[in-house]
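The structure appears below as structure tokens.
The values are calculated or read from the model by the stated rules, or taken from the named source; none is laboratory data. Bear in mind that the values here come from a model prediction, so they are computed numbers and not experimental data. Backbone-built Cβ (ideal geometry, glycine too); neighbour counts: all protein chains shown. With ligands, DNA and RNA removed, areas are computed over all heavy atoms of the protein, side chains included. Shrake-Rupley method; radii C 1.70, N 1.55, O 1.52, S 1.80 Å.
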Amino acid sequence: MQRLLSVFCIGCLLLFTHFTASAQEQLPDKRNLIGAGLSFSSSTAIYDGRTNNLTTSIRYAHYLRKNLALGAAISSGRYSFDAFDYAVNDYETLKSNAYYFSPFVRFDMPLWQNRLLIFNELGVSGNYLETAHHYPSSEDTHYSWGLGAYYSPGLMYRLKSNIAFQVSYGLVSYGYSGTYKSHSVDVVSTRKLKDLAFGVNFLF
């Protein structure tokens, strides 16, 4: 976790130093944002297994004021887990497809006359999951739904007046499973690379 945050901070520092000169240009304000995002991670799991996460998203935000926007995001996630089951001497696989709808409020804090800015997103979400568990001799599929809330800060850099690149990190999240009647809270100390997301935004 410390290594991940160190890489993130170094990247931010390089971005600051590289674009200082060009950042003095004043860019026009835009009222709408359409963006696409991607996050991916792969790690070794217990029992000789491997976990993979892939999430894609599309979002729209409308600026009510210069630095205050309301928006919504639609996301699709793919999760897979493969592990060796020593009881049956074979592999078992868990695969999930998740779909999210997330209204959010976004606060921007421009730096260097708004070419580079820090943003903070606060949102709520609803989700639907399809999970398939493959055993050596059988298969089980079930469905579930849930609700949640999150806080995600990030950086956005405007390459041009209408094109921007952004990176964000899911700092805190809360989840409620309506199917299993359970709650969960995830904070930065337990988050991993899967919560680091990159995106491209179009402003108009």
Taking I46 and the conditions (1) out of contact with any Ser or Thr (no Cβ under 8 Å at 6 or more places or on another chain); (2) at pLDDT below 55, which numbered condition does it fall short on, given that it satisfies the others? (2)
Here the residues within segment 40-65 that are within 28 Å of D29 (Cβ to Cβ) and touching a strand residue (DSSP E or B) at 6+ places or on another chain (Cβ under 8 Å) are S57, I58, R59, Y60, A61, H62, Y63, L64
So, of the residues in segment 115-163 that are in a loop (DSSP other than H, G, I, E, B) and under 23 Å from the mean Cα position of the chain (by Cα), which turns out to be surrounded by the most Cβ atoms within 10 Å (Cβ to Cβ)? R115
Among the residues of segment 164-188, which ones are buried (at least 17 other Cβ atoms within 10 Å of the Cβ) and aromatic (F, W, Y)? Y169
Take segment 164-182 and flag every residue that is within 20 Å of the chain's Cα centre (by Cα) and part of a strand (DSSP E or B). A164, F165, Q166, V167, S168, Y169, V172, S173, Y174, G175, Y176, S177
N67, sole failed condition from (1) at pLDDT 95 or above; (2) more than 15 Å from the chain's Cα centre (by Cα): (1)
Looking at (1) open to solvent by less than 60 Å² (accessible area, probe 1.4 Å); (2) within 25 Å of D186 (Cα to Cα); (3) touching a residue at least 40 places away in the same chain (Cβ under 8 Å), which is the one condition that is false for F107? (1)
